[in-house]
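The values are calculated or read from the model by the stated rules, or taken from the named source; none is laboratory data. The model shown is predicted, which means the values in this text are computed figures rather than measured ones. Note: ideal-geometry Cβ built from the backbone for every residue, glycine included; neighbour counts use all protein chains shown.
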Amino acid sequence: MFCISTQVAALDFSTVVIDPGHGGKDGGCVHNGLVEKKLCLDLALRLEKVLKAKGLRVVLTRRTDVFVSLEKRAIISNRQRKALFVSLHFNASKDRSISGMEVFYRSPSGKGVATQILRSMDINLKGKNRGIFYEDLKVLRETAAVAVLIEGGYLSNKTDAARCSTAAHRDQMARAIAAGILAARS
């Protein structure tokens, strides 16, 4: 069962725009035999399935291995009414000892959503909670909706990579992210 506690101010949204990071010519990070763009798309499709089952409308910025510019991702999101934007990524570092999950936000409402999502991931997944962080990322800045960017783990870390490589973990991650999204909704 996926649960979280401690409410923050609820948001009113009926659509979730899921943004699988990278794609096409932009592979993202590549470590320990894993390619970020492939994991992002797989996680997005799993998250879509969970959110649709909960009655939410879902729009993806990409459904296949194609390149979509950051501007186009924001445009896709900005066409939606009453939406939440969730960009999915996996991280990497030259320091291979760094591991864990983190969520980035740019607005006060985004901070609330980031808090709910990371709390759910922390409760429901193995791995280190690295925290939520304000970041002026272009994809967050150009998106009119409340927006967050999730880093599901460090592919450069052998333990995180082994975990993220499994379909079962990505399925759990999708359910944990969905629980956090739903907790942020009014």
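When Gly24 is evaluated against the numbered criteria (1) out of contact with any Cys (no Cβ under 9 Å at 6 or more places or on another chain); (2) within 16 Å of Leu149 (Cβ to Cβ), which criterion, by number, is the only one it fails?
(2)
Only one of these conditions is not met by Val139: (1) more than 17 Å from Val16 (Cβ to Cβ); (2) in contact with a Lys or Arg (Cβ under 9 Å, 6 or more places away or on another chain). Which number is it?
With respect to (1) more than 17 Å from Val16 (Cβ to Cβ); (2) in contact with a Lys or Arg (Cβ under 9 Å, 6 or more places away or on another chain), Val139 is out only on (1).
The rows are residues; the columns are (1) within 11 Å of the chain's Cα centre (by Cα); (2) farther than 29 Å from Asp12 by Cα.
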| position | (1), (2) |
| --- | --- |
| Ala92 | no, yes |
| Ser120 | no, no |
| Ala147 | yes, no |
| Ala162 | no, yes |
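Return the pairs, sorted by first residue and then second, in which the second residue is among the basic types (Lys, Arg) and not in a strand (DSSP E or B), the first residue lies in the stretch 10-32 and is without any contact (Cβ under 8 Å) to a residue 24 or more places away in the chain and under 19 Å from Ile75 (Cα atoms), the beta carbons are less than 7 Å apart, and the residues are 6+ apart or on different chains.
From the stretch 10-32, no pairs qualify.
Among Phe90, Phe67, Phe85, which is the only one that is among the aromatic types (Phe, Trp, Tyr) and within 17 Å of Ser109 (Cα to Cα)?
Phe85
Please go through the stretch 145-186 and give me each residue that is farther than 30 Å from Asn78 by Cα, of a type in the set (Ser, Thr, Tyr) and crowded, with 22+ Cβ neighbours inside 10 Å, ordered by number.
Answer for the stretch 145-186, where residues must be farther than 30 Å from Asn78 by Cα, of a type in the set (Ser, Thr, Tyr) and crowded, with 22+ Cβ neighbours inside 10 Å: just Ser156.
Would you please name the residue that is surrounded by the most Cβ atoms within 10 Å (Cβ to Cβ), looking only at residues in the stretch 57-69 that are under 16 Å from the mean Cα position of the chain (by Cα) and more than 10 Å from Gly23 (Cα to Cα)?
Across the stretch 57-69, the extreme among qualifying residues is Thr61.
Residues of the stretch 43-91 being of a type in the set (A, V, I, L, M), in a helix (DSSP H, G or I), under 14 Å from Ile177 (Cα atoms) and in contact (Cβ under 8 Å) with a residue 60 or more places away in the chain, which ones?
Answer for the stretch 43-91, where residues must be of a type in the set (A, V, I, L, M), in a helix (DSSP H, G or I), under 14 Å from Ile177 (Cα atoms) and in contact (Cβ under 8 Å) with a residue 60 or more places away in the chain: Leu43, Leu47, Val50, Leu51.
Is there any pair linking a residue in the stretch 157-186 that is within 16 Å of Val113 (Cβ to Cβ) to one that is among the aromatic types (Phe, Trp, Tyr) and modelled with pLDDT of 95 or more, with Cβ under 7 Å and at least six apart or on different chains, and which?
The qualifying pairs are Arg185/Phe13.
Within the stretch 131-186, track down each residue that is of a type in the set (Val, Ile, Thr) and in a strand (DSSP E or B).
Matches in the stretch 131-186: Ile132, Val146, Val148, Ile150.
Just checking, which of Asp26, Asp12, Asp42 is farther than 20 Å from Asn124 by Cα and modelled with pLDDT of 95 or more?
Working: Asp12 fails: modelled with pLDDT of 95 or more; Asp42 fails: farther than 20 Å from Asn124 by Cα.
Asp26 is the lone residue from the list that is farther than 20 Å from Asn124 by Cα and modelled with pLDDT of 95 or more.
Working only within the stretch 127-136, note down all residues that are among the charged types (D, E, K, R) and in contact with a Ser or Thr (Cβ under 9 Å, 6 or more places away or on another chain).
The answer is Lys128, Arg130.
What are the residues in the stretch 104-124 that are without any contact (Cβ under 8 Å) to a residue 60 or more places away in the chain, surrounded by 20 or more Cβ atoms within 10 Å (Cβ to Cβ) and within 14 Å of Ala176 (Cβ to Cβ), if any?
Within the stretch 104-124, Ala114, Met121 qualify.
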